[in-house]
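Worksheet for the structure shown next.
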Amino acid sequence: MTFAALVSRARGLAEDGRRAVLGIAGPPAAGKTTLAVELVGALSADPPPGLGADWVAHVPMDGFHLADVELDRLGLRDRKGAPDTFDAYGYAALLRRLLEDRDEMIYAPGFERVIEQPVAGSIGVPRATRLIITEGNYLLLDQPRWTPVRELLTEVWYADLENEERLRRLIERHVRFGKEPAAAAAWATGTDERNAEVIAASRERADLIVDYAALAVGLRGEPA
């Protein structure tokens, strides 16, 4: 499927004027964030009649990482990024509030990679927004804390990328944000890879499998 076809499919999710939420799932460095950002860019540049560029918004799942101080308290710091190191219930609550479409402005948390911490109130979603694009590793997990998330998503796409290339890009990303090369490789092939196996097991629950490598035309940047 071409990037243009994905843009058209995403646009169609909110055709009736009601808010819709498109989820993009996949393992670390498979292209989720890049795809989400590019979709938002294309859709905001060509809004439906009567709407402005803010008709679409990007609200990542990563803002619901538990802060390091809480991970330390729970003894989970060495597993940061695993399914139980996120506030999944809080994420579902935000999605539910977005779909209720009652508030003039809703603020969502973001995630700052330089400090590897969530940042509260950093993403604003105005009432005019009709399509929310969210992305994260665990949108398709069939686990008690995560199943409410899937139920709130209009569609979920799964970003797929050949594993060797995905690992190469993941290690590069860890290095870019401060890890030594050996530590980056160890984390990517250890903690990250265990999480990737859990994510891959949820792949068949997606509405659409997106071959990231086939989307070179129309996309820029490194997969995330």
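Every number here is computed from the coordinates shown, using simple stated rules; none is lab data. From a predicted model like this one, the values you see are computed outputs, not experimental measurements. Neighbour counts are summed over all protein chains in view; Cβ atoms, including those assigned to glycine, are modelled from backbone coordinates with ideal geometry.
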Exercise. As a check on your grasp of the helix formula, calculate [θ] at 222 nm for the chain: sum -39500 (n - 2.57) over DSSP H runs of n ≥ 4, divide by the residue count, round to the nearest 500.
Key: -11000 deg cm²/dmol
Practice problem: Using label points projected 7 Å from each Cα along Cα→Cβ, tell me how many nm separate E164 and Q143, to one decimal. | Solution: 3.0 nm
Quiz item: Among S44, S202, which comes first, second and so on when ranked by fewest other beta-carbon atoms within 10 Å?
Solution: S44, S202
Quiz item: Hey, in the GNM for the chain with a 10 angstrom Cα cutoff, which one of N137, N163, N195 fluctuates hardest?
Solution: N163
Practice problem: Given the options V56, V21, V119, state which has the largest fluctuation in a GNM of the chain using a 10 Å cut-off (strictly under) for Cα springs. | Solution: V119
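If you add up the charges near P47, with Lys and Arg at +1 and Asp and Glu at -1, over every other residue whose beta carbon is less than 10 angstrom from its beta carbon, what do you get? Don't skip to the answer; put the middle values down first.
Details: positive: R11, R130; negative: D46, D54.
Every neighbour counted, the sum reads 0.
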Practice problem: With everything on Cα atoms, drop me the angle between helix 3-12 and the longest principal axis of the chain, reported from 0 to 90° to the nearest 10. | Solution: 60 degrees
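Per the Kirkwood treatment, what hydrodynamic radius in Å, one decimal, follows for segment 84-186 from the mean inverse distance over all distinct Cα pairs? Walk me through the intermediate numbers first.
Values: mean 1/r = 0.0625 Å⁻¹.
When all Cα pairs of segment 84-186 are included, the Kirkwood radius is 16.0 Å.
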Self-check item: Under 5 Å, built H, 5+ apart or other chain: amide partners of I209
Solution: Y158
Quiz item: Rg to Rh ratio, segment 3-212, alpha-carbon atoms and Kirkwood radius?
Solution: 0.96
Exercise. Describe numerically, in nm with one decimal, the distance between label points set 7 Å from Cα along Cα→Cβ at E151 and at V175.
Key: 4.5 nm
Practice problem: Measure nothing but the geometry: give the 0 to 90° angle between the long axis through the Cα atoms of 32-44 and the longest principal axis through the Cα atoms of the chain, rounded to 10°. | Solution: 20 degrees
Quiz item: For the charge dipole of segment 3-212, defined by +1 on Lys and Arg C-beta atoms and -1 on Asp and Glu C-beta atoms about the Cα centroid, which residue among A42, H58, A184 has the Cα displaced farthest towards the positive pole?
Solution: H58
